[in-house]
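Let me begin by presenting the structure, written as structure tokens, before commenting on it.
Coordinate-derived values only; no laboratory data. Just so we're clear, the structure is a prediction, and the values are computed from it rather than from any experiment. Positions of Cβ are backbone-derived with ideal geometry, glycine not excepted, and every protein chain shown enters the neighbour counts.
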Amino acid sequence: MLIADARHYATLTRYTEMMTRGLILGIESSCDETAAAVVERGSRTLSSVVASQIATHARYGGVVPELASREHLRAIVPVVRTALSEANLTFADLDAIAVTSGPGLAGALLVGITYAEALAFANNLPLLAINHLEGHIHAVLLKEHESATAGSDGPSLGIRRSRSASQDAQSLALVVSGGHTHLYLALPADGTWHYTLVGRTLDDAAGEAYDKVAKLLGLGYPGGPWIDSLARFGNSGAVPFSFAQIKTKAHLAGKAPRTKAAKTAPIARLDPHFLFSFSGIKTAVLRYVELHSLRAEAKARVCKVLANFRPPQTREEALALCSQETLDLIASFQRAIIGDLMKKTFAAAESLGAERILVTGGVAANRELRERFTAEASRRCLHIAFPTLALSTDNAAMIAAAAWPRLLAREFAAPDLSAAPSLTLGMIRE
Ligand code: KG4
Ligand code: ZN
């Protein structure tokens with residue numbers, strides 16, 4: 001009750017000051033990055049600090065939840081302090097604190113939530129609970145606001161006057177990360193954003209497929225950046241991977257999504273043309289590796305990768321690590337994944353009349369994905385936007401940015417805020 005009272009008091013006393021500065025401290029700890037950032041009025045990043053746990057999880061080839069919680073506990077205080085000092089601010093300058101409440105790992109989320117609650121209470125600040133998926137969408141909007149204000153009115157004028165016409169348009173957002181491959185219609189209304197789920201993966205997320213295939217091929221963790229770098233040196237037409245059309249609604253009725261990562265919404269009510277499935281391609285890569293005797297090469301690569309923890313940048317470096325046959329396999333895998341993401345995203349945009357496409361989440365950092373989506377959008381005369389590379393993967397600036405319209409709408413965190421590992425975003429499109 002004390003925290004609730006503090007938030008109520010903060011709500012009343014801080015609101016006017018907030019209108020002048022609008023400084024939100026964002027905290028993100030849903031998976032394997034401990035992050036904090038200060039964003040002004042959802043439109044100007046004053047600092048963004050990310051402490052990555054890659055080195056901790058790399059030797060296991062994936063995130064170990066217990067280790068993630070421990071690392072968050074170690075990092076959270078210095079990361080928040082650094083974010084404030086880089087922004088040249090103290091807690092007294094802030095107007096609110098925003099924290100990721102889900103989806104994500106329960107223990108990891110709890111570290112961020114508990115710390116954010118304590119900070120809000122101690123500093124008499126309102127607390128906002130932000131959905132991680134909404135955060136990823138706001139990473140794109142933040143970049144758009146920053147580009148729109150750069151060299152023009154300046155940031156202090158806030159988002160309303162710096163917004164370009166297209167920023168009010170109905171958008172189709174593809175959130176493509178290690179935990180999600182979801183399509184949402186996003187529409188601004190009454191000062192906040194409203195989301196409708198229109199598509200999703202039935203099993204693995206696209207980033208999960210990258211990570212699993214990279215592990216199978218003896219590459220580093222996370223797999224996305226390794227495959228991204230190596231794919232440039234392979235022939236993407238060498239291995240003909242294909243995706244079967246997902247079966248009809250009647251067939252899916254009553255069936256639950258097949259993996260833990262996918263268990264966030266019923267699927268039978270979604271248009272099967274906008275459903276993804278990435279577990280099959282992982283098995284197809286495994287079969288190719290066995291049939292072409294590439295397993296020994298993959299095994300030998302593990303030590304080399306651990307010794308030199310950086311994806312190859314030149315053809316010579318790539319060939320020192322992988323045979324040409326493996327490079328061709330990697331390039332073909334990536335081509336197929338991106339092709340499937342494009343096919344369904346553009347089909348959904350056309351069918352739903354979206355005026356622009358937002359592509360976000362860790363996989364949106366991919367070079368080939370950005371090039372091919374951009375070319376196709378231009379061919380169809382559609383507006384397309386991505387976050388900056390740094391804001392594609394998990395960060396806290398996106399959480400602080402997503403919190404700004406919620407702060408204006410006074411949508412504060414419930415007094416009994418807790419971690420919501422399976423939190424969903426938006427309504428389902430019937
Ligand atoms: O958004 P994110 O940091 O965390 C989640 O919310 O899941 O996404 C992490 C995922 C990982 O699966 C990683 O392999 C993938 O994004 N990723 C990439 C690239 N960079 C990160 N996938 C493809 N190409 C990249 N350049
Ligand atoms: Zn994420």
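Some points to look at:
- Computed packing ranks the peptides 179-190, 197-208 as 197-208, 179-190, most packed first, by mean other Cβ atoms within 10 Å.
- Relative frequency of Cα-Cα separations exceeding 21 Å in segment 23-158, percent: 42 percent
- Solvent-free Debye scattering, log10 I(q)/I(0), computed from the Cα coordinates of segment 272-315 at q = 0.18, 0.21, 0.33 Å⁻¹: -0.76, -0.85, -1.02
- Relative to its residue count, segment 307-412 spans a Cα convex hull of 148 Å³ per residue.
- For segment 38-92, the equivalent ellipsoid derived from the Cα gyration tensor has semi-axes of 28, 12, 8 Å, listed largest first.
- MRE, 222 nm, helices only [DSSP H, n ≥ 4, -39500 (n - 2.57), over the chain, to nearest 500]: -15000 deg cm²/dmol
- Cα gyration tensor, segment 380-430 - rounded (a/c under 1.5), prolate or oblate: prolate
- Stretchable slack from Arg81 to Ala150, in nm (0.36 nm times residue separation minus alpha-carbon distance): 22.1 nm
- Mean-position separation - Cα centroids, segment 37-72 and segment 89-128, in angstrom: 15 Å
- Listed peptides 93-106, 56-69 appear in the order 93-106, 56-69 once ranked by packing, highest mean of other Cβ atoms within 10 Å at the front.
- For the listed peptides 124-137, 107-120, a ranking on the average number of other beta carbons within 10 Å per residue, highest first, reads 124-137, 107-120.
- Three-way shape call for segment 71-150 based on the alpha-carbon gyration tensor, with the a/c threshold at 1.5: oblate
- For the chain, the fraction of alpha-carbon pairs lying more than 37 Å apart is 24 percent, rounded to a whole number.
- Rough spin-label spacing in nm, given labels placed 7 Å along Cα→Cβ, for His292 and Arg372: 1.7 nm
- Shown is the FRET efficiency for Gln170 and Arg380, computed with R0 = 25 Å from the Cβ-Cβ distance and rounded to the nearest 0.05: 0.95.
- Computing Rg and the Kirkwood Rh from the Cα coordinates of segment 191-247 gives a ratio, Rg/Rh, of 1.11.
- Above-threshold pairs, the threshold being 20 Å between Cα atoms, out of Lys215/Lys343; Lys215/Lys299; Lys212/Lys304: Lys215/Lys343
- The slack in the chain from Ala189 to Arg269, taken as 0.36 nm per residue of separation less the alpha-carbon distance, amounts to 26.3 nm.
- Farthest toward positive dipole pole in the chain [+1 Lys/Arg, -1 Asp/Glu at C-beta], among Ala206, Pro65, Val289: Val289
- One chain, two ends: Phe91 and Thr56. Fully extended at 0.36 nm per residue, the span grows by 9.5 nm beyond their Cα-Cα distance.
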